[in-house]
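The values are calculated or read from the model by the stated rules, or taken from the named source; none is laboratory data. Here the structure is a predicted model, which is why all the values come from computation and not from measurement. Glycine also receives a Cβ, built like all others from the backbone with ideal geometry; neighbour counts cover every protein chain displayed.
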């Protein structure tokens with residue numbers, strides 16, 4: 001028999017989550033966002049998975065006091081990170097320090113698939129300022 005560690009929050013959901021059962025959060029046209037693990041598992045951080053169609057992305061915004069990490073699995077992003085303009089393709093990790101304005105759009109013939117990580121739940125809702133455009137549809141859930 002195998003014991004499952006439940007962590008400090010006994011009421012939290014199972015700590016091993018099939019990615020195919022990730023909760024989809026409404027986001028932006030052409031931009032699908034899934035929560036892989038977060039508050040439902042008793043975590044203070046949040047890990048996600050995104051599928052971004054060519055031409056879709058996120059407008060310029062900044063997270064105050066919260067870092068963000070993207071792990072690009074497939075596709076290519078045009079990324080604005082502070083004053084830098086970068087093209088980032090699969091098999092690269094993007095480390096976005098807290099307070100650095102950033103924006104991105106998927107480019108090329110295929111969607112971008114990437115893992116995302118923020119060390120704080122609800123950072124999109126509570127610690128994000130949009131310098132262009134507005135928040136995504138499901139911002140209050142993330």
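Quick notes on this one:
- Subset of region 118-142 [out of contact with any helix residue (DSSP H, G or I) (no Cβ under 9 Å at 6 or more places or on another chain) and surrounded by fewer than 17 Cβ atoms within 10 Å (Cβ to Cβ)]: 119, 126, 127, 129, 130, 131, 132, 133, 134, 137
- If you check 76, 110 for being surrounded by fewer than 16 Cβ atoms within 10 Å (Cβ to Cβ), closer than 18 Å to residue 33 by Cα and modelled with pLDDT of 95 or more, only one passes: 110.
- Filter result for the condition that a residue is crowded, with 17+ Cβ neighbours inside 10 Å, more than 23 Å from residue 22 (Cβ to Cβ) and touching a strand residue (DSSP E or B) at 6+ places or on another chain (Cβ under 9 Å), over 86, 81, 36: 81
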